[in-house]
Amino acid sequence: MDTTQNKFNKAALGGVVAAIAASLCCIAPVLALVAGTSGMATTFSWMEPFRPYLIALTVLVLGLAWYQKLRYRKEAESDCGCAEDEKQSFFQTKKFLLAVTLFAGLMLAFPTYSEVFYSQPNKEIVYVSQTNIVKEIFVVEGMTCAGCEAPVENKVNKLEGILSVKASYENANTLVEYDKTKVDKAAIITAISSTGYKVVDK
């Protein structure tokens, strides 16, 4: 019984670790924002190629944990006719495993909702002469998922004179529309670079 519970606990813990590892490259930019150290944003970007394997590992390990828990429950009920949750600590119950599974799911889905951690600056509606509007595409290295786009957009949007900004990790670039009388290309490059990603020449 103890051996089964040890396997269950290790599987549950392994699922959490794998889920966190799978999302680490996406979580790092948010941690960098909170810590105020923008250079940390790209620290774990090297893990992005391994993300699909870590996601598969998370699903596999949590599936194994659920299998062990449900099998153990059936065995316990057939042996004594009682539910095992009544005689075990919370960390050995299905409620704990459900909490672990939900946490792992939130970690794996992190790139899809990471932008909620970035406050959008209030932009006033301004009228700009068409001759002053510049559209520029900046090639940006280091963005590996949708979670990487939000810090770039957030930082550039804080500059005065920015009309629109759209970062794309898939295209490895950031499209910026701005008023050249209020902001210049160098300031935009500086803003993007301050997030930890690198602007390269076309």
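Which distance in nm do the two modelled labels at Ser194 and Asn6 give, with both placed 7 Å along the Cα-to-Cβ direction?
5.3 nm
Residue by residue, what Karplus-based ³J(HN,Hα) values in Hz, rounded to whole numbers, does segment 50-56 have, using 6.51, -1.76 and 1.60 with θ = phi - 60° and x for Gly and Pro?
Values per residue, Gly and Pro as x: 8, 4, x, 5, 5, 5, 4 Hz.
Could you rank the peptides 147-157, 46-56, 191-201 by their average count of other C-beta atoms within 10 Å per residue, with the highest value first?
147-157, 191-201, 46-56
Ordered by residue, what ³J(HN,Hα) values in Hz, to whole numbers, does segment 146-162 give under the Karplus form 6.51 cos²θ - 1.76 cosθ + 1.60, where θ = phi - 60° and Gly and Pro are x?
Per residue, the Karplus-derived 3J(HN,Hα) values read 4, x, 7, 6, 4, x, 5, 4, 4, 5, 5, 4, 6, 6, 6, x, 7 Hz.
Sketch the reach of a paramagnetic label on Val128 as a point 7 Å from Cα along Cα-to-Cβ, and name the residues of segment 177-200 whose backbone nitrogen lies under 18 Å away.
177-192, by backbone N distance to the label point.
Rule-based calculations on the coordinates, nothing more; no lab input. Being a predicted model, the structure only gives us computed values, none of them experimental. A quick note on method: Cβ atoms are made from the backbone with ideal geometry, for glycine too, and the neighbour counts reach across all protein chains shown.
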